[in-house]
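The values are calculated or read from the model by the stated rules, or taken from the named source; none is laboratory data. Please read these numbers as outputs of a predicted model, since none were measured by experiment. Here the Cβ positions follow ideal geometry from the backbone for every residue, glycine too, while neighbour counts run over all protein chains shown.
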Amino acid sequence: MNQAVGLIILASTLCLAALGGSACAPPPESPPQSTPAVAGPALEIAATIAFGEGPTVYKDGSVFFTDTYGERIMKLSPDGEVSVFRHPSNSANGLIFDAQWRLIACEGSDAKTHKPRLTRTNMETGEVEVIADSFGGKRLNQPNDVTFDSQGRLYFSDRPRKNPAPDQSNIDAVYRIDTDGSIHQILKAPDIDKPNGLVISPDEKTFYLIEAHPDEGHARMIRAYDLQPDGSVTNMRVFHDFYPGRSGDGMTIDSQGNLYVAAGLNRLRGTSETLDTKCGIHVFSPDGALKQFIPIYEDTLTNVAFGGPDLKTLYAVAGKTLFKFRTEIEGTRR
């Protein structure tokens, strides 16, 4: 393993069956201890050095993902080599490769540059292009996650900072970027609360959005909308409600329209979120039924993506670890 990235443990494989099948024995809820517990000083977390997010898979099988705390975009090559693709990353979070295999990055902005934006990287030349940084005369807040449709339009969520600058929009919103570069706001507060992951169904009739507010009384759910041909959304309904547990973060979708949602906690984290939502990948059928639950023993589980030559390998990022497992149903790149 590349010593420069040795703080992140990668490519751990879960022994789990595909949808509808049996599962091997899951990992323990917490790592096994080699010695009996003894009384001693109380331990507190002094610092966290890695927080994985936004996995996406390139056409050669390389997995790209972000370490938001380390300000890095990471790359796991098909032969298992781990390297830093970009540092600093401008607080990159969600990633996705578009239909032309260009890397789209949601950049929340670091304290020095203070330039929240969406960028597009040409993987052949390395050229980085800013494709969105403002709307209606106001700068974006913290772009969080991104997906695309068959027309090449991009959809991304944007969430306010705790202390926004005067020239920032300071509003929770979802935007669409058309192929001509124009930006359109398709959802905004108060109709949404704290948007996170988003994805479009394979038939492009349904738009899904995760709401993930940690405060009491706020939305922790998956919303579903009818996606119109012009890229607008209508007819909101609650697809699944996680409250009072931790909501989903990111999600992906397979070729049959099943949602794979990264949600839940193993341990409380000082919010009003409870442990009612178990930490793992929650697989929902298009009608909202829970088809499968895949436990993940590490907090905090953030996002998932399909990869592999047959799109039947699902990657999941949690804490410092990138997990993977095989599925029977072919995924999508969304």
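Details
- Which listed residue is more than 14 Å from the chain's Cα centre (by Cα), assigned to a loop (DSSP other than H, G, I, E, B) and within 23 Å of G308 (Cβ to Cβ), from G70, G80: G80
- Failed condition for L140, given (1) surrounded by fewer than 16 Cβ atoms within 10 Å (Cβ to Cβ); (2) farther than 27 Å from F242 by Cα: (1)
- All strands (runs of 3 or more DSSP E) inside region 225-332 with 3 or more residues being crowded, with 19+ Cβ neighbours inside 10 Å: 233-241, 248-253, 259-263, 280-284, 301-307, 313-318, 321-326
- Of all residues making up region 86-130, the number that are of a type in the set (S, T, Y), more than 18 Å from L76 (Cα to Cα) and surrounded by 12 or more Cβ atoms within 10 Å (Cβ to Cβ): 4
- For L268: the one exception among (1) without any contact (Cβ under 8 Å) to a residue 12 or more places away in the chain; (2) within 28 Å of G137 (Cβ to Cβ); (3) not small (G, A, S): (2)
- Boolean, T68 is surrounded by fewer than 24 Cβ atoms within 10 Å (Cβ to Cβ), of a type in the set (S, T, N, Q), modelled with pLDDT under 95 and within 17 Å of A316 (Cα to Cα): yes
- In region 288-308, the residues that are in contact (Cβ under 8 Å) with a residue 60 or more places away in the chain and aromatic (F, W, Y): Y297, F306
- Subset tally (residues that are under 21 Å from K188 (Cα atoms) and either part of a strand (DSSP E or B) or among the acidic types (D, E) (or both)) for region 106-141: 11
- If you go through region 197-247 and pick out every residue that is charged (D, E, K, R) and in contact (Cβ under 8 Å) with a residue 24 or more places away in the chain, you end up with 8.
- Residue pairs meeting the criteria (Cβ under 7 Å; at least 6 apart or on separate chains; first modelled with pLDDT under 95, in region 137-166; second of a type in the set (V, I, T)): P160/I171
- Whichever residue in region 174-186 is under 12 Å from S134 (Cα atoms) and among the aliphatic types (A, V, I, L, M) and, among such residues, is surrounded by the most Cβ atoms within 10 Å (Cβ to Cβ): I177
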